[in-house]
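This report concerns only the one structure given below.
All of the numbers you see were taken from the coordinates with simple rules; none came from a lab. None of these values were measured; they are calculated from a predicted model. Cβ placement follows ideal geometry from the backbone for every residue including glycine, while neighbour counts extend to all protein chains displayed.
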């Protein structure tokens, strides 16, 4: 074998290896940093029941918003074809601070909650499988739920809610819209950046043992919170 044939063989092998990096049948995993930036607002707080009797009392000019949050994320994916991949996304549940707005603004942080949002994405990758830079668009679905929701502001709990209060939230399936790119460092390692948007809202239900002039009564109230988070993900990945 002469030098020209050897160099041609090495070049062909290198191309095959690069193509295998993002081609049909390859698996990958990533880990990185999620930054969640809610574009949040809420409806006014509304009392729905007092002492077991239905009511419909809205507290005007009341509301709440959510702070930004950060957490560690993980994904696992599979290239169905050279251009189409499926990906499962999960993160350590971030803790959000609920901030009062309107008439509740002077109370500052009202409470906290953790968000769970495992997500299944379907991605379309542009450019050839052996390209170093590969942008993509994705769409998927997320199962969103909240745990450890609680009122942490004692002053707010006593002055506004008038007693110890527990909080529950609903769960829902929500669409996810995704865009980003990967950059191949070598045949196994790559780095990526993505942005996702979830048109998300949740109803927070409060149950208060309120002290009233006629004694302790259970008061049920609720508010709908629009989160609509923009989620950025900076990651490092390994491809098998």
**Request:** Evaluate the distance, in nm, between pseudo-label points positioned 7 Å from the Cα of residue 24 and of residue 155 along their respective Cα→Cβ axes.
**Result:** 6.4
**Request:** Can you tell me how much longer the chain between residue 179 and residue 216 gets when fully stretched, taken as 0.36 nm per residue apart minus their C-alpha distance, in nm with one decimal?
**Result:** 8.1 nm
**Message:** Along the Cα→Cβ direction, 7 angstrom out, place labels at residue 101 and residue 120. What is the inter-label distance in nm?
**Reply:** 3.3
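What value, in deg cm²/dmol to 500, does the helix sum -39500 (n - 2.57) over DSSP H runs of n ≥ 4 give at 222 nm once divided by the residues of the chain?
Working: 1 runs with 19 residues, N = 240.
Helices in the chain give a 222 nm mean residue ellipticity of -2500 deg cm²/dmol.
Within a 10 angstrom radius of the beta carbon, how do 183, 136 rank from fewest other beta carbons to most? Write out the running numbers ahead of the final one.
Numbers: 183 13, 136 21.
Fewest-to-most ranking of 183, 136: 183, 136.
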**Request:** Sort out for me the Cα centre separation of the range 28-89 from the range 146-166, rounded to whole Å.
**Result:** 20
**Asked** At a Förster radius of 45 Å, what calculated FRET efficiency corresponds to the Cβ-Cβ distance of residue 238 and residue 39, to the nearest 0.05?
**Response** 0.85
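What fraction of the DSSP beta bridges in the chain is antiparallel, stated in percent and rounded to the nearest 5? Can you show the working numbers first?
Working: 112 of 112 bridges.
Bridges in the chain that DSSP calls antiparallel: roughly 100 percent.
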**Item:** Theoretical gain in end-to-end length, residue 81 to residue 31 [0.36 nm per residue, Cα-Cα removed]
**Value:** 15.7 nm
**Asked** When the chain is treated as a GNM, springs tying every alpha-carbon pair under 10 Å, which of 158, 39, 220 comes out with the largest mean-square fluctuation?
**Response** 158
**Request:** Normalising by the residue count of the chain, find the relative contact order in percent from Cα pairs under 8 Å and 6+ residues apart.
**Result:** 23
